[in-house]
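Structure, as structure tokens:
Just so it is clear, none of the values below were taken in a lab; they were calculated from the coordinates. No experiment lies behind these values; they were computed from the predicted model shown. All Cβ positions, glycine included, derive from the backbone under ideal geometry; neighbour counts span all protein chains shown.
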Amino acid sequence: MIILKETNNNQNVDFIPRQFTQGASYTFNIVDETKNKNVYSQATTSVSQSLYYNRYTASFTALKQGIYYMLTVLSGTEVIFKDKIYCTNQTNLPQYTINSGEYVSNVTTNEFITI
């Protein structure tokens with residue numbers, strides 16, 4: 001899962017495609033899963049290649065906090081990468097959980113004796 005923020009600044013999407021050709025044109029589509037609506041579609045040749053992954057940098061202004069999105073990367077008509085995106089403005093991502101505050105444990109005075 002890719003985690004992005006609700007911001008107008010450039011953000012990085014790191015991914016490992018099924019195949020990659022430097023300088024080829026790739027189309028990045030982002031679909032809002034709650035509305036099934038395409039919120040971002042961009043064809044680009046500016047995908048950088050590292051040793052083990054590729055990086056696409058862009059400004060994703062249509063993303064809203066708390067929403068899941070589906071990212072699809074196309075090379076022509078062939079899908080070379082798919083992943084989920086979650087948009088959050090949380091800063092402490094290693095400690096962030098999507099269920100924060102959802103589960104509340106009950107305090108009880110029951111005492112159990114195990115034999």
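On the beta carbon distance between Ser105 and Asn36, with R0 = 30 Å, the FRET formula returns roughly 0.25. Between Ile2 and Ser46, the simple label model (points 7 Å from Cα in the Cβ direction) yields a spacing of 1.5 nm. Shown is the FRET efficiency for Ser59 and Thr21, computed with R0 = 25 Å from the Cβ-Cβ distance and rounded to the nearest 0.05: 0.50. At q = 0.16, 0.17, 0.25 Å⁻¹, what base-10 log of I(q)/I(0) does the Debye formula yield for the stretch 23-66 when every alpha carbon is treated as an equal point scatterer in vacuo? Relative scattering, expressed as log10 I(q)/I(0), comes to -0.53, -0.59, -0.95.
Counting only Cα atoms, the size of the stretch 41-97 along its three principal axes is 36, 26, 18 Å, in decreasing order. Evaluating kT/(6 pi eta Rh) at 10 °C and 1.306 mPa s, with the Kirkwood radius of the chain over Cα pairs in the Stokes-Einstein relation, gives 97 µm² s⁻¹.
Under unit Cβ charges (Lys, Arg +1; Asp, Glu -1), what dipole magnitude, rounded to 20 debye, does the chain have relative to its Cα centre?
On the way: 8 positive and 8 negative charges, 71 e Å.
Roughly 340 debye, rounded to the nearest 20.
Please give me the summed charge of the neighbours of Leu74: other residues whose Cβ is under 15 Å from its Cβ, Lys and Arg +1, Asp and Glu -1.
On the way: positive: Arg18, Lys82; negative: Glu78, Asp83.
It works out to a net charge of 0.
The gain in end-to-end length when the Asp14 to Lys84 segment is fully stretched comes to 24.0 nm, 0.36 nm per residue minus the alpha carbon separation.
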